[in-house]
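The values are calculated or read from the model by the stated rules, or taken from the named source; none is laboratory data. Given the structure is predicted, the values throughout are model-derived calculations rather than measurements. Cβ: placed from backbone, ideal geometry, glycine included. Neighbour counts: every protein chain shown. Accessible surface areas use protein heavy atoms only, side chains included; no ligands, DNA or RNA. Shrake-Rupley method; radii C 1.70, N 1.55, O 1.52, S 1.80 Å.
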Amino acid sequence: MSAVSTLTQLDALESEGIHVMREVAGEFERPVLLFSGGKDSIVMLHLARKAFWPSPVPFALMHVDTGHNFPEVIEYRDRVVAEHGLRLVVASVQDAIDDGRVAERADGSRNPLQTVPLLDGITANKFDAVFGGGRRDEEKARAKERVFSLRDEFGQWDPRRQRPELWDLYNGRHKPGEHVRVFPLSNWTELDVWRYIEREQIELPAIYYSHQREVFLRDGMWLAPGGWGGPRAGETLEVRTVRYRTVGDMSCTGAVESTASTIPEVITEVGASRLTERGATRADDRASEAAMEDRKREGYF
């Protein structure tokens, strides 16, 4: 009598993510995992550790550091790297500004400035495959890419060059100077990520849970003050009970008012939300309908 399969949705997503990571490790010479200390990159690292256990993760991590990070996230990043003996490559936006490769923006946001140090980091380290935590439910442009996304010698994405992935077969062929972006969480949703975090008991930075923080209101978003320049004249600091659904540059990542202080409470909150985390909390994605797609064509994540 054959055994009845009890594979759950999370089991299937985990299996796919591990399969993708092993495929990349076997097919490419110098992969790297983009690690911001955000929940998606944390889940990717968890999958990588599972995929190659008991051996160490066979590739480095890279953080594109805007210099406008939440302190809790940087503390978490450094602690995880030290605990697991990982190699961390930091691509610094501040260094790119100091070198004249990019110019500071008037609005203080450094999120759009990440592309140049990202591409410079890929080139300098000769990375040929770059794991990213993008998911198709986040934003319209992300939904256009597949698990493997070919980038040209300038790091640019051309939707016309996408390859079919029938039967989960991934084509990593690329010319010298090109590289492939790889999205192991492509088929996950925000709710899947949180349910997996609950199942696997994965630790996250504390800002993902309800806490009190000084914030101010700008364009309908609660932003935290910091060295990036906020608040402006006329913007009043208030202490609110908030949490963050996503982690990015402090200048454009808004908090949401929330009392969800545990994973089950967050899961309930996310399940009831009708906005993606980027739509609710990323000011830079509100610039236009094509904002993300334009940046991806330039070499962005």
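Would you pick out the residues in the range 57-73 that are farther than 25 Å from residue 123 by Cβ and not acidic (Asp, Glu)?
First, pick out the residues of the range 57-73 that are farther than 25 Å from residue 123 by Cβ: 70-73.
Within the range 57-73, 70, 71, 73 qualify.
Considering only the range 47-60, I want to know if a residue exists there that is under 16 Å from residue 130 (Cβ atoms) and part of a helix (DSSP H, G or I).
Step one: filter the range 47-60 for residues under 16 Å from residue 130 (Cβ atoms), giving 47-48, 57-60.
Filter once more, so that each one left must be part of a helix (DSSP H, G or I): 47-48.
The answer is yes, given that some residue of the range 47-60 is under 16 Å from residue 130 (Cβ atoms) and part of a helix (DSSP H, G or I).
The number of residues in the range 16-40 being in a helix (DSSP H, G or I) and open to solvent by 10 Å² or more (accessible area, probe 1.4 Å) comes to 9. Candidates in the range 161-174 are the residues that are surrounded by fewer than 16 Cβ atoms within 10 Å (Cβ to Cβ) and within 21 Å of residue 115 (Cα to Cα); of these, the one that is modelled with the highest pLDDT is 162. Looking at 91, 48, just one residue is of a type outside the set (S, T, N, Q), open to solvent by less than 20 Å² (accessible area, probe 1.4 Å) and under 27 Å from residue 187 (Cα atoms), and that residue is 48.
Yes/no matrix, rows are residues, columns are (1) touching a helix residue (DSSP H, G or I) at 6+ places or on another chain (Cβ under 9 Å); (2) under 30 Å from residue 224 (Cα atoms); (3) in a helix (DSSP H, G or I):
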{"position": "73", "(1), (2), (3)": "yes, yes, yes"}
{"position": "85", "(1), (2), (3)": "no, no, no"}
{"position": "90", "(1), (2), (3)": "yes, yes, no"}
{"position": "105", "(1), (2), (3)": "yes, yes, no"}
{"position": "116", "(1), (2), (3)": "yes, yes, yes"}
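Does residue 23 qualify as being of a type in the set (Asp, Glu) and more than 24 Å from residue 244 (Cβ to Cβ)? Break it down stepwise before answering.
On the way: of a type in the set (Asp, Glu): yes; more than 24 Å from residue 244 (Cβ to Cβ): yes.
Taking the combined requirement at face value, the residue satisfies it.
So which residues in the range 232-253 are of a type outside the set (S, T, N, Q), open to solvent by less than 50 Å² (accessible area, probe 1.4 Å) and within 26 Å of the chain's Cα centre (by Cα), if there are any at all?
Of everything in the range 232-253, those that are of a type outside the set (S, T, N, Q), open to solvent by less than 50 Å² (accessible area, probe 1.4 Å) and within 26 Å of the chain's Cα centre (by Cα) turn out to be 242, 243, 244, 245, 247, 248, 249, 250, 252.
Somewhere in the range 93-107, is a residue more than 16 Å from the chain's Cα centre (by Cα), within 21 Å of residue 24 (Cβ to Cβ) and at pLDDT 90 or above? No: the range 93-107 contains no residue that is more than 16 Å from the chain's Cα centre (by Cα), within 21 Å of residue 24 (Cβ to Cβ) and at pLDDT 90 or above. On the basis of being over 14 Å from residue 196 (Cβ atoms) and either modelled with pLDDT under 95 or more than 19 Å from the chain's Cα centre (by Cα) (or both), does residue 3 make the cut? When the stated conditions are applied, residue 3 passes them.
Among the residues examined, residue 215 does not qualify as hydrophobic (A, V, I, L, M, F, W, C), open to solvent by 40 Å² or more (accessible area, probe 1.4 Å) and within 27 Å of residue 263 (Cβ to Cβ).
Do you know which residues across the range 198-209 are more than 14 Å from residue 271 (Cβ to Cβ) and either assigned to a helix (DSSP H, G or I) or not acidic (Asp, Glu) (or both)?
Residues of the range 198-209 that are more than 14 Å from residue 271 (Cβ to Cβ), as a first pass: 199-209.
199, 200, 201, 202, 204, 205, 206, 207, 208, 209 - these are the residues of the range 198-209 that are more than 14 Å from residue 271 (Cβ to Cβ) and either assigned to a helix (DSSP H, G or I) or not acidic (Asp, Glu) (or both).
Is there a residue being without any contact (Cβ under 8 Å) to a residue 40 or more places away in the chain, more than 25 Å from residue 24 (Cβ to Cβ) and open to solvent by 50 Å² or more (accessible area, probe 1.4 Å) anywhere in the range 184-200? Let's see the steps before the verdict.
Of the range 184-200, the ones without any contact (Cβ under 8 Å) to a residue 40 or more places away in the chain are none.
No.
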